[in-house]
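The values are calculated or read from the model by the stated rules, or taken from the named source; none is laboratory data. Treat the numbers as computed from the prediction; the structure is a model and nothing was measured. Note that each Cβ is placed from the backbone with ideal geometry, even for glycine, and that neighbours are counted across all protein chains shown. Surface areas here come from the heavy atoms of the whole protein model, side chains and all, with no ligands, DNA or RNA. Shrake-Rupley method; radii C 1.70, N 1.55, O 1.52, S 1.80 Å.
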Amino acid sequence: MAPHPHHSPSRDQKLDDARADRPRVSASDPVGRFHVARQRGGRPIALSAWRITTADQAVADAVGGLYGGVPQLLDTGDEHVVEVLSRHDHISVLLGGCGAVSLRMVMRGAGETFHVCDGTRFLEPTGARGSLCGCPASLADRKAAAQAGRGPTPEVRIGFRLADLPELGVFDLVSTSWELAAELPELATALDTAAVPVVGVLRYGLVEFTTRSGIAVSYRRPVVEIGRTQVLAQDAVRLAA
C-alpha cells in the first residue's frame, strides 16, 4: 500500500517507530503493536491506515484476515517480526480501565536515554527515581522546552484488545503525539469511571492546517474514542490493495 501522497510524517511519527518493531520477549508483553508510520531506507513514511507488527505469525494472519493486508516478514536481523499494512484507519478496541493508558516524559540523545519522568519526578535512572525532575508543570511549557531541545517529549502507551477478536491478546500503541498526551487525563478519567472492559475506537486521525505563510500541512495521529460500540461501515477506510 502506497503512502498518502499529501501526507508527510510528523516528528511524532518519526519517533513512534524508533523502538517499535520489537517482538514479544515474555508472556506479559503485547502480542503486537500498532504504528502510524513505517521505515523505508531509514526514513519514516506516513500511511493512510494502521500498520501492525507482531512476532507471532498466527497473530499476523488473524489481523490480516480481519483488517486486510498481507503479512510480510521484516528484515530485522535476528528478530522475527511480521508486518501487516491494514486497510482500516478505525479499529474497534476493548480497554481495561484507566490502567490501559500511561504517559511518561522521555529525552534521548547519542543513542541513550538519560531522562525519564512522569512530569514531576524521575522514573529513570534508578538512582534518581523519585526525585524532582524539574519539568514545567504545564504540557504547553513542556512542549516549548522540548522543541528548544531542553526537555523531554511525551511517550504515551495504550494497551487494548481487538473487539473483533479479543482472544488474540493485548496489543499496544506507543505514541509521541503531544495532542494525544494532552487528551490523556480526560481519557484516563473516563476509563476510570466506565465499566470494564471499555468499548472504544482507535482512530488513525488526519490533521490538516495551513501555516501563516500559506503552506498546507497534513499528518496522521492516534485518536482514542470511547463509548462507541462498533466502527460504522462508512467510517472505516477500506483501501484498494
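Exactly one residue among GLU186, GLU167 is modelled with pLDDT of 95 or more, among the charged types (D, E, K, R) and open to solvent by 60 Å² or more (accessible area, probe 1.4 Å), and that residue is GLU167. If we scan the range 141-162, do we find a residue that is among the small types (Gly, Ala, Ser) and closer than 26 Å to VAL63 by Cβ? There is at least one residue in the range 141-162 that is among the small types (Gly, Ala, Ser) and closer than 26 Å to VAL63 by Cβ.
The residues of the range 40-82 that are open to solvent by 80 Å² or more (accessible area, probe 1.4 Å), modelled with pLDDT under 90 and outside any loop (DSSP other than H, G, I, E, B), listed by number, are ARG40, ARG43, GLU79. Quick check, is VAL93 part of a strand (DSSP E or B), under 19 Å from ARG221 (Cα atoms) and aliphatic (A, V, I, L, M)? So VAL93 passes the test. Scoring GLN13 on the criteria (1) at pLDDT below 90; (2) open to solvent by 40 Å² or more (accessible area, probe 1.4 Å) leaves a single failure, condition (2). Quick check on this structure: which one of ARG150, ARG157 is open to solvent by 50 Å² or more (accessible area, probe 1.4 Å) and in a loop (DSSP other than H, G, I, E, B)? Going through ARG150, ARG157 in turn, just one is open to solvent by 50 Å² or more (accessible area, probe 1.4 Å) and in a loop (DSSP other than H, G, I, E, B): ARG150. A search for C-beta distances below 7 Å between a residue of the range 177-193 that is touching a residue at least 12 places away in the same chain (Cβ under 8 Å) and any residue that is surrounded by 16 or more Cβ atoms within 10 Å (Cβ to Cβ) and among the charged types (D, E, K, R), counting only pairs 6+ apart in sequence or on different chains, returns SER177/ASP12; SER177/ARG221; TRP178/LYS143; GLU179/ARG221; LEU180/ARG221.
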